[in-house]
Amino acid sequence: MKVCVIGGAGYIGSHAVLELVQDGHEVVVIDNLSTGIREAVDENARFYWGDITDESGLDEIFKKETDTHPFDAVMHFAAKIVVFESVSQPLEYYHNNVEGVRIMLKTMVRHGVKNVIFSSTAAVYGDVKKDICTEEDECIPINPYGETKLASERMIRWVTQAYEMNYCIFRYFNVAGAHESLKIGLKRDNLTHIIPITVQTALKLRESMTIFGDDYPTEDGTCIRDYIHVADLAWAHVLGMKYIVSQQKSATINLGSSAGFSVKEVIDEVSRHLPVRYSIGPRRPGDPAKLIASSTKARELLGWVPKRTLKDIIRTDLEFRKKHETR
Ligand code: UFG
């Protein structure tokens, strides 16, 4: 298939590009390189600099590409994703994440592209009171990031219904780890995610780290999350695309492992490799106590099961950072 990957130079996008190329698809990447890295894009993909919020720029790229052969699908990864940043910069989040999706859909409609694969998030569920989240659970986001993703999900459902298109919406849980080749991984300034921060602390790239709250209603008092390896997540996108194109159906699917680990357990696992200095601090705004995915739907609809564990996630992130961040 011919696939347009918007945000394909970013952490998750570049892994999806790799999986698509290896599965034999023709891949076109559009990225504004705001957080993405040009070198992370596989050399077999065609790259365009472009911004999802620039309607005429996007239209030009689509025009040029669809002149030869139309896109079978568009994958969307071009979002701002830092939860606490969204609390202080909601306007930027609505502009990039919601207006960007509107422009992408409008461009797809104009050029007759019928299939969209969209990166959403577990943050749409909000402060979950149950142990495991299913796709049917009520969505009550508790931060602007989750709100922008839920608004985009709803827009995608209405637009695909109106123009007879198909969508596959993936709600990611906590994505981490690096590709086994160690060529691509999560690389950016001001990292905020627990696994890279813990690994950087273990590698002495940071003096110490803080656990944001140990008074949550969990066994050890720290927040519980469902961690998923980025390569497993990327492969799910290829399966999701094949599913909606072949079945002409749409779906909203959680991508997680159905297992939860606390912040302390993450630190313990990294400490098996190298010691980690940490202290306990106050809670971070917007953090729910526990988020675990039901992954039954991904297994049943797509035949997808994550192959890698928390150990693999931490090992690959550690090796990636050793190679790229230390001398
Ligand atoms: N944490 C710390 N110290 C740190 C960093 C994080 O204690 O230095 C804690 C957080 O408070 C939280 C847990 O580690 O309890 C996980 O935090 P992350 O920032 O790694 O991830 P989040 O769960 O906040 O968010 C991630 C993605 C979102 C997604 C969400 C869904 O960034 O895009 O998972 O679960 F929506």
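The values are calculated or read from the model by the stated rules, or taken from the named source; none is laboratory data. Not measured: the values here are computed from a predicted model. Neighbour counts are summed over all protein chains in view; Cβ atoms, including those assigned to glycine, are modelled from backbone coordinates with ideal geometry.
Residues in segment 141-168 that are at pLDDT 95 or above and among the hydrophobic types (A, V, I, L, M, F, W, C): 150, 151, 155, 156, 158, 159, 162, 165, 168. Against the conditions (1) in contact (Cβ under 8 Å) with a residue 12 or more places away in the chain; (2) more than 14 Å from the ligand (Cβ to nearest atom), where does residue 305 fall short? Just the number, please. Just one mismatch for residue 305, condition (1). Name the residues in segment 1-48 that are in a loop (DSSP other than H, G, I, E, B) and under 22 Å from residue 239 (Cβ atoms), would you? 1, 7, 8, 10, 23, 24, 25, 41, 42, 44, 45 - these are the residues of segment 1-48 that are in a loop (DSSP other than H, G, I, E, B) and under 22 Å from residue 239 (Cβ atoms). Contact annotation: no residue pair with Cβ atoms under 7 Å, 6 or more positions apart or on different chains, pairs a residue in segment 270-284 that is free of Cβ contacts under 8 Å to residues at least 60 places away in the same chain with a partner that is assigned to a loop (DSSP other than H, G, I, E, B) and within 11 Å of the ligand (Cβ to nearest atom).
Exactly one residue among 63, 80, 106 is of a type in the set (Lys, Arg), within 16 Å of the ligand (Cβ to nearest atom) and touching a residue at least 12 places away in the same chain (Cβ under 8 Å), and that residue is 80. Within segment 67-100, the only residue that satisfies the criterion of being in contact with a Gly (Cβ under 7 Å, 6 or more places away or on another chain), part of a loop (DSSP other than H, G, I, E, B) and more than 20 Å from residue 192 (Cβ to Cβ) is 70.
Of the candidates 218, 296, 210, the single residue that is surrounded by fewer than 22 Cβ atoms within 10 Å (Cβ to Cβ), under 30 Å from residue 19 (Cα atoms) and touching a residue at least 12 places away in the same chain (Cβ under 8 Å) is 296. Kindly establish whether residue 178 is assigned to a loop (DSSP other than H, G, I, E, B) and surrounded by 21 or more Cβ atoms within 10 Å (Cβ to Cβ). Here the answer is yes, as residue 178 does meet what is asked. Per this entry, residue 169 is not counted among residues that are of a type in the set (Val, Ile, Thr) and either away from the ligand (no atom under 15 Å from the Cβ) or within 30 Å of residue 217 (Cα to Cα) (or both). Among the residues of segment 289-327, those that are under 18 Å from the mean Cα position of the chain (by Cα) and in a loop (DSSP other than H, G, I, E, B) comprise 292, 294, 295, 304, 305, 306, 307, 308, 309. Sort through 51, 59 and tell me the only one that's of a type outside the set (S, T, N, Q), part of a loop (DSSP other than H, G, I, E, B) and surrounded by fewer than 24 Cβ atoms within 10 Å (Cβ to Cβ). Result of the check over 51, 59: 51.
Does residue 269 satisfy the condition of being closer than 26 Å to residue 128 by Cβ, modelled with pLDDT of 95 or more and not in a loop (DSSP other than H, G, I, E, B)? Here the answer is yes, as residue 269 does meet what is asked.
One residue alone among 113, 128 is in the same structural domain as residue 13 (by TED's automatic domain parsing) and either among the charged types (D, E, K, R) or within 23 Å of residue 241 (Cβ to Cβ) (or both), and that residue is 113.
Could you check, for segment 122-132, whether at least one of its residues is within 14 Å of the ligand (Cβ to nearest atom) and surrounded by fewer than 16 Cβ atoms within 10 Å (Cβ to Cβ)? Yes, segment 122-132 has at least one match. Within segment 181-195, if we keep just the residues that are part of a loop (DSSP other than H, G, I, E, B), touching a helix residue (DSSP H, G or I) at 6+ places or on another chain (Cβ under 8 Å) and within 13 Å of the ligand (Cβ to nearest atom), the residue that is farthest from residue 275 (Cα to Cα) turns out to be 188. From the list 87, 21, the one residue that fits, being in the same structural domain as residue 123 (by TED's automatic domain parsing), farther than 18 Å from residue 145 by Cα and surrounded by 15 or more Cβ atoms within 10 Å (Cβ to Cβ), is 21. Just so you know, in segment 277-293 the residues that are within 8 Å of the ligand (Cβ to nearest atom) and basic (Lys, Arg) include one that is nearest to residue 147 (Cα to Cα), and it is 284.
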